[in-house]
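Some notes on the structure that comes next.
No lab work stands behind these numbers, since they all come straight from the coordinates. Everything numeric in this text was worked out from a predicted model, so none of it was measured. Cβ sites come from the backbone with ideal geometry, for glycine too, and all protein chains shown count toward neighbours.
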């Protein structure tokens, strides 16, 4: 059994057929209906380097396998490289389940789970440094109380299911990146309260640790689907802030940052940002979310490709070519 790197598979040029055999993480599948009424599956599998999508049609054994397989499990696939409508879409010839014990025994477990390209321990140390730099005792205490309860999940959780930083340690990476950007930009905007802004940055997505579940293939929890991370984060932060006896005006403004950081109501914000700090945090958050999509696309697009796959969050395919100096 050979472990085939996703990126290496994608390097196969259009028109070339190559047999492959590989172990993958089964990430998710969607059941769809064709125009003729027949069912088919769109399946996504991956490893630490990215993901592959392919279709399984109802008249195949592979369709039945993935229809009943558990998302987050490991699968052994045999197939052929191929393209569909100009995109890489391998043809899967057979699929079988592989136990976690067998994957661990073969020493490839960490190769199958996509993770942040940065060292998570260094990211966590940097997160703690940002917290310690908060001068206001109430705000700093609020962050401390939150991470005392949720540190283990904050270190591990993805920042999304599919849009940006959607991999292990992605939430921590995204939060630290936003904090770095905020720290660099704050001197340009003296109207923004620095302690309040950094506190808002460190806690803006904390609701995602309750919104999502699964350490391999993430999906929404029941409460996550019913309330969303904005409301869940508001509840977590409010509880910690009250316990910290945060001054009422700061509490109100911190809550507003959490409730408005998504930027637009149609994007999931509970309110539109209307304080300098809330506007600042929502914009810096949006910047890193989009640049996170760019960074991941650049990592996951083979050097043989001029453009990345279509990125729904940016509504474009990203130019892969480097700037010529």
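Quick notes
- P(r) of region 141-264 over all Cα-Cα pairs, binned every 5 Å from zero, in whole percent: 2, 11, 20, 25, 21, 13, 6, 2, 0
- Cα gyration tensor shape of region 76-119, rounded if a/c is under 1.5, else prolate or oblate by comparing a/b with b/c: oblate
- Each of 157, 124 has some number of other Cβ atoms within 10 Å of its Cβ, and from fewest to most they run 124, 157.
- Sorting the segments 176-184, 259-267 by their residues' average number of neighbouring beta-carbon atoms within 10 angstrom, most packed first, yields 176-184, 259-267.
- Relative contact order of the chain, taken over Cα pairs closer than 8 Å and 6 or more residues apart, is 14 percent.
- Cα gyration tensor, region 178-325 - rounded (a/c under 1.5), prolate or oblate: oblate
- Think of it as helices only: each DSSP H run of n ≥ 4 in the chain is worth -39500 (n - 2.57), and spread over all residues that comes to -14000 deg cm²/dmol at 222 nm.
- Summary value for region 120-297: 23 percent relative contact order, contacts being C-alpha pairs under 8 angstrom separated by 6+ residues.
- Relative contact order (%) - criterion: Cα under 8 Å, at least six apart; region: region 6-111: 28 percent
- Evaluated at q = 0.11, 0.12, 0.14 Å⁻¹, a Debye calculation over the C-alpha positions of region 6-111 (equal weights, vacuum) places log10 I(q)/I(0) at -0.33, -0.40, -0.54.
- Simple spin-label estimate for residue 186 and residue 270 in nanometres, 7 Å along Cα-Cβ: 2.5 nm
- The separation of region 90-137 from region 289-313, counted between C-alpha centres, amounts to 20 Å.
- 0 to 90° range, to nearest 10: angle between helix 222-243 axis and the chain longest Cα axis: 30 degrees
- When every Cα-Cα distance of region 52-135 is counted in 5 angstrom steps from zero, the calculated P(r) takes the values 3, 11, 15, 15, 15, 12, 8, 7, 6, 5, 3, 1, 0 percent.
- Contour minus Cα-Cα distance for residue 245 and residue 298 (0.36 nm per residue): 14.6 nm
- Added length on full extension, which subtracts the Cα-Cα distance from 0.36 nm per residue, residue 19 to residue 132: 35.3 nm
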